[in-house]
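Enquirer: Structure in structure tokens, see below.
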Amino acid sequence: MIKVLAIDDEPLALKQLVTYISKVPFLELAGQCRSALEAQKLMEQEMIDAIFCDINMPDLSGMDFVRQLAAPPFIVFTTAYSEYAVEGFKVNAIDYLLKPFGMNDFLRAAMKVQEQYNLRHHNAPQQQSSPVMADGTIFVKTDYRVVRIAINDIRYIEGMSEYLKIHLEGQKPIITLLSMKKIEEYLPSKQFMRIHRSYIIAVDKIQKVD
């Protein structure tokens, strides 16, 4: 689990940020703060792996807060002001979320944090936590974006070299960069069966066997 800190002086924005964090299985909320000064005190007491931090805050801005950290964790800035983007990357921020942002944008940033965390701690970015959510959905990357798929909608999965083609009920197939072995680990074994090195099928979707 990656221990993260949410920082925003706006109560509604902070609440949304905390909600997004709670929906990502590999993130653990270590604390939520209404100011950089409050966050500074918390970070003196607890080890934090990453922070999602607003920039425009009173007393001490998020940018100045990050600059004064001796050993900053992974940084994702959240702000309504696009002019801060360049400054954000100057302090080695992993990502920059422009408000208002949705769950897909947040998840993309979170996955960047996870990739860097794995590189730093395990040197094995392929060893990622399961993306399966509590509601039975899974997030996958496709066409430079992240989409949510209901596991119950999967009819079968077709292996295509380094890619997978996920066939869904009543929807267009989704192609994603993922191995058969990895997707097999994520899917419920009672619900899915691998019938060939290149095919995984949903058992309850079988209508005929020849």
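The values are calculated or read from the model by the stated rules, or taken from the named source; none is laboratory data. The shown structure was predicted, so the numbers you read here are calculated from the model rather than taken from an experiment. No Cβ is skipped: glycine too gets one built from the backbone with ideal geometry, and neighbour counts run over all protein chains shown. Just so you know, the surface numbers come from the protein's heavy atoms only, side chains and all, with ligands and any DNA or RNA stripped out. Shrake-Rupley method; radii C 1.70, N 1.55, O 1.52, S 1.80 Å.
Enquirer: Give me the percent of accessible area attributable to carbon and sulfur for the chain, probe 1.4 angstrom. Present the calculation step by step, with values, prior to reporting the outcome.
Expert: On the way: 5900 of 11910 Å².
Carbon plus sulfur share of accessible area: 50 percent.
Enquirer: Work out the charge dipole of the chain with +1 on the Cβ of Lys and Arg and -1 on the Cβ of Asp and Glu about the Cα centre, then indicate which of V203, C33, T142 is farthest towards its positive end.
Expert: V203
Enquirer: Could you list, in their original order, any pairs among K15/K99; K181/K205; K141/K182; K112/K172 whose Cα atoms are separated by more than 18 Å? Working shown, then result.
Expert: On the way: K15/K99 14 Å; K181/K205 21 Å; K141/K182 14 Å; K112/K172 27 Å.
Pairs exceeding the cut-off: K181/K205; K112/K172.
Enquirer: Would you mind giving the three semi-axes, in whole Å and largest first, of the ellipsoid equivalent to the stretch 149-204 according to its Cα gyration tensor? Could the numbers behind the result be given before it?
Expert: Values: eigenvalues 44, 39, 18 Å².
So the equivalent ellipsoid measures 15, 14, 10 Å along its semi-axes.
Enquirer: Given the DSSP H assignment, sum -39500 (n - 2.57) over each helix run of at least 4 residues in the chain and divide by its residue total; what's the result at 222 nm in deg cm²/dmol, nearest 500?
Expert: On the way: 6 runs with 60 residues, N = 210.
Calculated mean residue ellipticity at 222 nm is -8500 deg cm²/dmol.
Enquirer: Simple spin-label model, 7 Å along Cα-to-Cβ: S189 to K205 in nm?
Expert: It works out to 2.2 nm between the two label points.
Enquirer: Which is farthest toward the positive dipole end of the stretch 10-72 among T19, L42, V66, measuring Cα position about the Cα centre, with Cβ charges +1 (Lys, Arg) and -1 (Asp, Glu)?
Expert: T19
Enquirer: Over all Cα pairs of the stretch 1-122, how is the pair count split among 5 Å bins, expressed in % and running from 0 up to the last occupied bin?
Expert: All Cα pairs, binned at 5 Å, distribute as 2, 12, 25, 27, 22, 10, 2, 0 percent.
Enquirer: Å³ per residue of the Cα convex hull, for the chain? It would help to have the intermediate numbers written out before the result.
Expert: On the way: hull volume 29.1 nm³, N = 210.
Taking the convex hull of the Cα positions in the chain, it is 138 Å³ per residue.
Enquirer: Take every DSSP beta bridge with both residues inside the chain and express the antiparallel ones as a percent of the total, to the nearest 5.
Expert: Given both bridge residues lie in the chain, the antiparallel proportion sits at roughly 55 percent.
Enquirer: What is the magnitude of the charge dipole of the chain about its Cα centre, with +1 placed on the Cβ of each Lys and Arg, -1 on the Cβ of each Asp and Glu, and no other charges, expressed in debye to the nearest 20?
Expert: Dipole about the Cα centre, nearest 20: 880 debye.
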